[in-house]
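**Q** One structure follows; several queries about it will come next.
Derivation of every value follows stated rules applied to the coordinates shown; laboratory data play no part. Since this is a predicted model, take the numbers as computed values, not measurements. As a convention, Cβ positions derive from the backbone with ideal geometry for all residues, glycine included, and neighbour counts pool all protein chains shown.
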Amino acid sequence: MNNTSVTKKQQASGGVTNLDADDLLDLKNAVPASVRKNGKYYLSSSVLAIVQKLKGTDGQYIWKESPSDSQPGTIWGRPYELVDSMPE
């Protein structure tokens, strides 16, 4: 979070409780295409609880549960990782 070479995106207006699906898609697309294919979301458990409720314009949830233990769950098709030290 403090690495100056990492692309940063301003948090949703009003904080994480106002986070919407577009914010996460904007975040994904803010990463250079050359590294996006290997990208991953890093978030706390409390933020994941908010993300799990978000839907895209098609009315479908953007968070997908892992179909098996060998496949990661995804947000907008990208894997995520829970990190306890991430801000709530």
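**Q** Would you please give the FRET efficiency between residue 49 and residue 22, computed as 1/(1 + (r/R0)^6) with r the Cβ-Cβ distance and R0 = 22 Å, to the nearest 0.05?
**A** Rounded to the nearest 0.05, the efficiency is 0.70.
**Q** Still on this structure, please answer the following. Cα to Cα, under 20 Å, and not fewer than 8 places away if on the same chain: which aspartates and glutamates meet these conditions relative to residue 64?
**A** Answer for residue 64, where 20 Å is the Cα cut-off: 20, 22, 23, 26, 81, listed by chain and number.
**Q** Then there is this: If I take R0 = 25 Å and measure r between the Cβ atoms of residue 65 and residue 34 in this structure, what FRET efficiency does the formula 1/(1 + (r/R0)^6) give, to the nearest 0.05?
**A** The computed FRET efficiency comes out at 0.30.
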